[in-house]
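As structure tokens, the structure follows; a few thoughts come after it.
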């Protein structure tokens with residue numbers, strides 16, 4: 001059997017095979033595989049006896065469920081008005097310049113993907129970003145360059 005199929009079967013065994021368990025199963029696949037491939041969505045549909053279109057629709061609705069291959073480090077920049085008013089655009093330009101990628105792209109070495117997302121819940125400390133599950137707030141172009149330098153050293 002395929003490792004992804006085994007993962008999905010194990011997640012379905014753990015959470016259950018009802019429609020209400022779709023989201024935790026999708027999250028479990030993303031946690032392990034870093035994204036939802038077309039194959040994994042079809043396997044989830046098969047395992048839960050749901051239409052593939054329903055699985056795909058759910059997966060693409062949520063911004064934290066990636067359905068294309070992402071980098072090792074996924075950078076999510078908050079795009080709310082609060083972050084924009086507090087300098088998000090300058091922070092975004094610093095990231096793009098340093099990593100040589102645009103929003104929606106992954107670096108050629110596969111280490112970084114850059115995305116914009118809706119509110120991260122840190123408006124009081126804007127601008128904010130996530131790198132995987134790590135939150136960074138009160139960002140400036142200088143601060144973000146220091147943060148990214150640390151990730152570049154981890155490669």
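Bear in mind that the values in this text are calculations on the coordinates, not laboratory data. A quick note: this is a predicted structure, and the numbers were derived from the prediction, not measured. In this analysis, Cβ positions are derived from the backbone assuming ideal geometry, glycine residues included, and neighbour counts consider all displayed protein chains.
Observations, loosely collected:
- Residues of segment 22-47 with amide N under 15 Å of a point placed 7 Å along Cα→Cβ from residue 132: 30-35
- Estimated [θ] at 222 nm from DSSP helical runs (n ≥ 4, -39500 (n - 2.57)) normalised by residues in the chain, nearest 500: -15000 deg cm²/dmol
- Calculated FRET value between residue 21 and residue 90, using beta carbons and R₀ = 30 Å, to 0.05: 0.10
- Degrees separating the helix 38-48 axis from the principal Cα axis of the chain, which is the longest one: 50
- Alpha-carbon centroids, segment 91-155 and segment 37-53: separation in whole Å: 32
- In the set [x] 16.7; [y] 17.3; [z] 16.2, the label that goes with Kirkwood radius over Cα pairs in Å computed for this structure is [x].
- Packing order of peptides 35-47, 9-21, highest average first: 35-47, 9-21 (average count of other Cβ atoms within 10 Å over each peptide's residues).
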